[in-house]
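Engineer: Below are the structure tokens for one structure; questions will follow.
The values are calculated or read from the model by the stated rules, or taken from the named source; none is laboratory data. Every value quoted in this text rests on a predicted model; they were computed, and no experiment measured them. Cβ sites come from the backbone with ideal geometry, for glycine too, and all protein chains shown count toward neighbours.
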Amino acid sequence: MQLTFYKYQGTGNDFVMIDNRHHVFDKNDTKRIAFLCDRRFGIGADGLILLERHDSLDFKMIYFNADGNESSMCGNGGRCITAFANYLGIINDEAMFEAIDGVHKSKIKDGIVSLQMQDVNAIETHKSHVFLDTGSPHHVQMEAKLDHLDVKSVGRQIRESALYTKAGSNVNFVKKVSNDKFSVRTYERGVEDETLSCGTGVTAVAIAMHYIGETEKNLVALNTKGGQLKVSFEAYQKGYRNIWLMGTATQVFKGVI
């Protein structure tokens, strides 16, 4: 069986994208998903995303990690599927779609794809780190020597530590560049390695840095290995709302496998 796919990337966070409106792909085939995401034997990606029909919204997003398992929300994936839906002619410059964590708004303007994230009303502060959920769980900690850090090794230790349940957590290491700019490196569960960028991760970092007083700005730039993302938000009595993740999302190529 031949399968048409599209490859998208958002600041280096890359995805195999499949138009599954006619159910051409078996989403229960974990081994096949893992194979397609394999960088040596398959196409290669941090994850696989299916675009499916929705009864009342523009579309539905189903996201799988590179290990083949359906995962929690992926921010860069949400931005990339918005660009994909625009390419397919499903939407123009705005969308409303369902993901695993609920309904999201997104929009495209001047090459920037913006995704509205869910409100964050629970933030845990600890001596060494901050923990919060931005659609996916994130451990956030400051790291002075970010450039020289072995993110894969240290991230895995934290992800598998007693701090978290069997499901684990994504782990973000942060260095302050200026009052409204931070550098971020992320270890992603499911990928089980450092990725060039993580949308829910930089969202978590921006909110965490504001929460602990490292910035008073409500628009923060996040430098990742794959490029720069921006996060805007509104702080209110219960937490944070009107959270937007902003950056580029690009189709790399189309193929058949």
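Engineer: Hey, does the stretch 187-195 have a residue that's more than 16 Å from the chain's Cα centre (by Cα), hydrophobic (A, V, I, L, M, F, W, C) and buried (at least 16 other Cβ atoms within 10 Å of the Cβ)? Break it down into steps so the answer makes sense when it comes.
Structural biologist: Within the stretch 187-195, the first condition is being more than 16 Å from the chain's Cα centre (by Cα), and the residues that meet it are none.
No: the stretch 187-195 contains no residue that is more than 16 Å from the chain's Cα centre (by Cα), hydrophobic (A, V, I, L, M, F, W, C) and buried (at least 16 other Cβ atoms within 10 Å of the Cβ).
Engineer: Output yes when any residue across the stretch 114-122 is in contact with a helix residue (DSSP H, G or I) (Cβ under 6 Å, 6 or more places away or on another chain), without any contact (Cβ under 8 Å) to a residue 40 or more places away in the chain and not in a loop (DSSP other than H, G, I, E, B), and no when none is.
Structural biologist: No, every residue in the stretch 114-122 fails to be in contact with a helix residue (DSSP H, G or I) (Cβ under 6 Å, 6 or more places away or on another chain), without any contact (Cβ under 8 Å) to a residue 40 or more places away in the chain and not in a loop (DSSP other than H, G, I, E, B).
Engineer: List the strands (runs of 3 or more DSSP E) inside the stretch 136-226, counting only whole elements, that have at least 3 residues being under 27 Å from Gln237 (Cβ atoms) and at pLDDT 95 or above.
Structural biologist: On the way: elements: 137-142, 170-178, 181-188, 193-195, 219-224.
Ranges flagged: 137-142, 170-178, 219-224.
Engineer: Confirm whether Lys152 is touching a Phe, Trp or Tyr at 6+ places or on another chain (Cβ under 9 Å) and assigned by TED's automatic domain parsing to the domain that holds Val205.
Structural biologist: Working: touching a Phe, Trp or Tyr at 6+ places or on another chain (Cβ under 9 Å): yes; assigned by TED's automatic domain parsing to the domain that holds Val205: yes.
For Lys152, the condition - touching a Phe, Trp or Tyr at 6+ places or on another chain (Cβ under 9 Å) and assigned by TED's automatic domain parsing to the domain that holds Val205 - is met.
Engineer: Quick one: in the stretch 51-107, which of the residues that are assigned to a helix (DSSP H, G or I) and over 14 Å from the mean Cα position of the chain (by Cα) is surrounded by the most Cβ atoms within 10 Å (Cβ to Cβ)? It would help to see each step written out before you state the result.
Structural biologist: If we filter the stretch 51-107 for residues that are assigned to a helix (DSSP H, G or I), which is where we start, we get 75-88.
Then keep just the ones that are over 14 Å from the mean Cα position of the chain (by Cα); that gives 83-88.
Details: Ala83: 22, Phe84: 24, Ala85: 22, Asn86: 19, Tyr87: 15, Leu88: 14.
Ranking the qualifying residues of the stretch 51-107, first place goes to Phe84.
Engineer: Of the residues Val151, Val120, which is among the hydrophobic types (A, V, I, L, M, F, W, C), buried (at least 18 other Cβ atoms within 10 Å of the Cβ) and closer than 19 Å to Leu196 by Cβ?
Structural biologist: Working: Val120 fails: closer than 19 Å to Leu196 by Cβ.
One residue alone meets the criteria, Val151.
Engineer: Give the residues of the stretch 4-35 that are farther than 27 Å from Leu229 by Cα and either assigned to a helix (DSSP H, G or I) or touching a strand residue (DSSP E or B) at 6+ places or on another chain (Cβ under 7 Å) (or both), sorted by residue number. Lay out the reasoning, then the answer.
Structural biologist: Step one: of the stretch 4-35, the residues farther than 27 Å from Leu229 by Cα are 4, 20-35.
Listed by number, the residues that qualify are Thr4, Asn20, Arg21, Phe25, Lys27, Thr30, Lys31, Arg32, Ile33, Ala34, Phe35.
Engineer: Surrounded by fewer than 18 Cβ atoms within 10 Å (Cβ to Cβ), closer than 18 Å to Val171 by Cβ, hydrophobic (A, V, I, L, M, F, W, C) and assigned by TED's automatic domain parsing to the domain that holds Gly155: does that describe Ile212?
Structural biologist: Values: surrounded by fewer than 18 Cβ atoms within 10 Å (Cβ to Cβ): yes; closer than 18 Å to Val171 by Cβ: yes; hydrophobic (A, V, I, L, M, F, W, C): yes; assigned by TED's automatic domain parsing to the domain that holds Gly155: yes.
It is true that Ile212 is surrounded by fewer than 18 Cβ atoms within 10 Å (Cβ to Cβ), closer than 18 Å to Val171 by Cβ, hydrophobic (A, V, I, L, M, F, W, C) and assigned by TED's automatic domain parsing to the domain that holds Gly155.
Engineer: Can you give me the number of residues within the stretch 28-49 that are surrounded by 14 or more Cβ atoms within 10 Å (Cβ to Cβ) and either under 9 Å from Asp14 (Cβ atoms) or among the polar types (S, T, N, Q) (or both)?
Structural biologist: Counting residues in the stretch 28-49 that are surrounded by 14 or more Cβ atoms within 10 Å (Cβ to Cβ) and either under 9 Å from Asp14 (Cβ atoms) or among the polar types (S, T, N, Q) (or both) gives 5.
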